[in-house]
Amino acid sequence: MRKTSIIVLALLTLSATTHPIYSLPYWFQEGTYVKYAVKMPENPDKREVNVFPVWPLLLSKNAYVKIKEAYEGASGQVKMDNNSIVPLLVRGDSYLTFEFFNVTNETASVRVTLEMNDVSVGPEESLPRLVLSKVLLLNLSDMTYYEEDGTPIGPPTFFIDPAHPPGKGKHVLSPEFMRKYRLLGDEVVVTNVSFTWMDDKVLHTHYRDFLPPYLYVEARSRYLVYDLSTGEGVGTITQLVYDIDTGILITTLFCDAAPELVSLGVIDSSPLDRVNSRKLERLIDEGGDDKEWYAQGFNLYDTNVKLPDYGSGRSPSTPVRYFFVISLVVLAMTALWTERRWKR
């Protein structure tokens, strides 16, 4: 038993010092879908609105025409150009869906669809429903989305390999993609990876409850220009929380620069689930937020992925969780050994 433990620890230490090998999850197959939602209450007040800014250069032709017509209205006094973002005010539910098809050993096609309901576009017009959709080509060898002309976009953000989370400094949006669409500003890179986010709390989503530990990934950029005419910009934050067993995204916190949303034209968007935020407010008022929490961003709403059965209140003993615990021990031992060696 002792010899086996030494071998396992040695292999884990070796894996921590080598380049990551991308392994596909068991659910990665033709027909798989994952759907997220930010919901609005039946009677929202005037402040309960989500803003989805769009970058015109990234919009599909049909979406561009539809938004432009609504933005300029019948009078045509307000003009939409390609130099600044156009804010979409959404007062209804929004849904973000990912669907797999044409899955091979080398690539997979991922259809990304954002549905927004009760959308105000400009001072005069509103749309009862607006759908942005695009098919992205995912290269499975480097886990990167590519455009038809070969321009890399970035890694998928709705799932991750928990055994090989991204390292600090990894690009979330490729510099080539940003230059192509005149997204001027600082590079968008991973700044934090943690297994301790809400590590003692049950996380409620519209689909089901999740148990810790969770994998938290954060990416930032110091600024991103949203108006090319004036040079005005904003810092971006993208915060993502994953299920450690399946690698599936559970919820977003901020999602200013998620590659799938940016590919649709949506930038600097951090929608808030007002239904869950109201539940969270009540939970905090009642003093119950020490053991549970409500997902407030795009949170899991529906999927055909078979998730582990969590039973009644304790974390399941899956191989990934065993790997997680052992990995933490190995990382701690490695860090301690490195520190002592450095001091010598």
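The values are calculated or read from the model by the stated rules, or taken from the named source; none is laboratory data. As the structure is a computational prediction, the values presented were derived from the model and not from experiment. Every residue, glycine as well, gets a Cβ built from its backbone with ideal geometry; the counts of neighbours run over all protein chains shown. What goes into the accessible areas is simple: the full protein's heavy atoms, side chains included, and nothing from ligands, DNA or RNA. Shrake-Rupley method; radii C 1.70, N 1.55, O 1.52, S 1.80 Å.
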Largest first and to the nearest Å, give the Cα extent of the range 50-121 along each principal axis. 52, 25, 18
Identify, among V119, N83, A37, the residue whose Cα sits farthest towards the positive end of the charge dipole of the range 29-142, taking +1 on the Cβ of Lys and Arg and -1 on the Cβ of Asp and Glu, with the dipole about the Cα centre. N83
Taking amide hydrogens as modeled 1.01 Å from N in the peptide plane, which residues meet the under 5 Å criterion relative to F298, leaving out close sequence neighbours? T252
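Mind putting a number on the dipole of the range 95-195 about its Cα centre? Charges go on the C-beta only, +1 for Lys and Arg and -1 for Asp and Glu, and I need it in Debye to the nearest 20.
On the way: 8 positive and 14 negative charges, 42 e Å.
About 200 debye.
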Sites R278 and D302 - FRET efficiency at Förster radius 25 Å, r taken between beta-carbons, to 0.05: 0.75
For D93, the residues 5 or more places away or on another chain with a placed amide H closer than 5 Å to its own amide H are M40, N117
Rounded to the nearest Å, the spacing of the alpha-carbon centers of the range 34-50 and the range 162-182 is 30
If I model a spin label at K291 and R222 as a point 7 Å from the Cα along the Cα→Cβ vector, what separation in nanometres do I get? 4.6
Can you give the accessible area of T230 in Å² (nearest 10), computed on protein heavy atoms with a 1.4 Å probe? 90
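Could you tell me the convex hull volume per residue, in Å³, taken over the Cα atoms of the range 102-204? Please report the intermediate quantities before stating the final value.
On the way: hull volume 20.5 nm³, N = 103.
Given the Cα convex hull of the range 102-204, per-residue volume reads 199 Å³.
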How far, in nm, would the chain grow between K61 and R179 when pulled straight, counting 0.36 nm per residue and subtracting the alpha carbon separation? 40.5 nm
Selected from L137, P162, G185, residue furthest toward positive end of dipole (the range 102-188; charges at beta carbon): P162
